[in-house]
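Everything on this sheet refers to the single structure shown next.
The values are calculated or read from the model by the stated rules, or taken from the named source; none is laboratory data. All of these numbers come straight from a predicted model, not from anything done at the bench. Glycine also receives a Cβ, built like all others from the backbone with ideal geometry; neighbour counts cover every protein chain displayed.
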Amino acid sequence: IPGVSLDKKTFSAKQIADLLNYKQQEPFGLSRSARDALQLQCSPRKVRRYLHSEGLYHRRPATKVDLIDQHAQRRLAFTQQNLNRDWGLVIVSDEKFLKPIRGLTNHYGGQTTRATFSSMCRN
């Protein structure tokens, strides 16, 4: 298999296989670290361009907040306080924010009633 030409630099088939294998093993690794690990004689930018042409892009891993004992205690307290709650009246959403509705309008037999968001959230 002939090498792939990219900006006057030719990667051999073995270098390409090694590069793609490296990115599978280190999906969050930098182009520079891939170049250094594989001892490629090119710039990190050329490595990045080749990876982009293959549909591989650098991604940063999501960071998680470490839970502490206080978080666990608060979760336990919430659970104990809400054991008997009627969860059928609770709105569950995967959205970050729920926008309050200032006034919902319902029509019953030609009559208009208004309900505010806070009154909808009461038990």
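Listing for the model above:
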| read-out | value |
| --- | --- |
| Asp94 vs. criteria at pLDDT 80 or above and in a loop (DSSP other than H, G, I, E, B) | no |
| Hey, Arg32 at pLDDT 90 or above, among the charged types (D, E, K, R) and assigned to a helix (DSSP H, G or I) or not | yes |
| Residue identified as touching a Lys or Arg at 6+ places or on another chain (Cβ under 9 Å) and at negative phi among Arg59, Arg35, Arg49 | Arg35 |
| Only listed residue being surrounded by fewer than 10 Cβ atoms within 10 Å (Cβ to Cβ), out of contact with any strand residue (DSSP E or B) (no Cβ under 7 Å at 6 or more places or on another chain) and at pLDDT 85 or above, chosen from Ile68, Ile1 | Ile68 |
| Pairs where the first residue, in region 46-67, is free of Cβ contacts under 8 Å to residues at least 40 places away in the same chain and the second is buried (at least 16 other Cβ atoms within 10 Å of the Cβ) and of a type in the set (Ser, Thr, Tyr), C-beta under 9 Å, 6+ apart | Val47/Ser31; Arg48/Ser31; Leu51/Ser31; Leu56/Tyr50; His58/Ser31 |
| Near pairs, Cβ below 6 angstrom, 6+ apart or cross-chain, from region 25-39 (under 14 Å from Leu51 (Cα atoms)) to any residue that is surrounded by 14 or more Cβ atoms within 10 Å (Cβ to Cβ) and of a type in the set (A, V, I, L, M, F, W, C) | Ser31/Val47; Ala34/Val47; Arg35/Val47 |
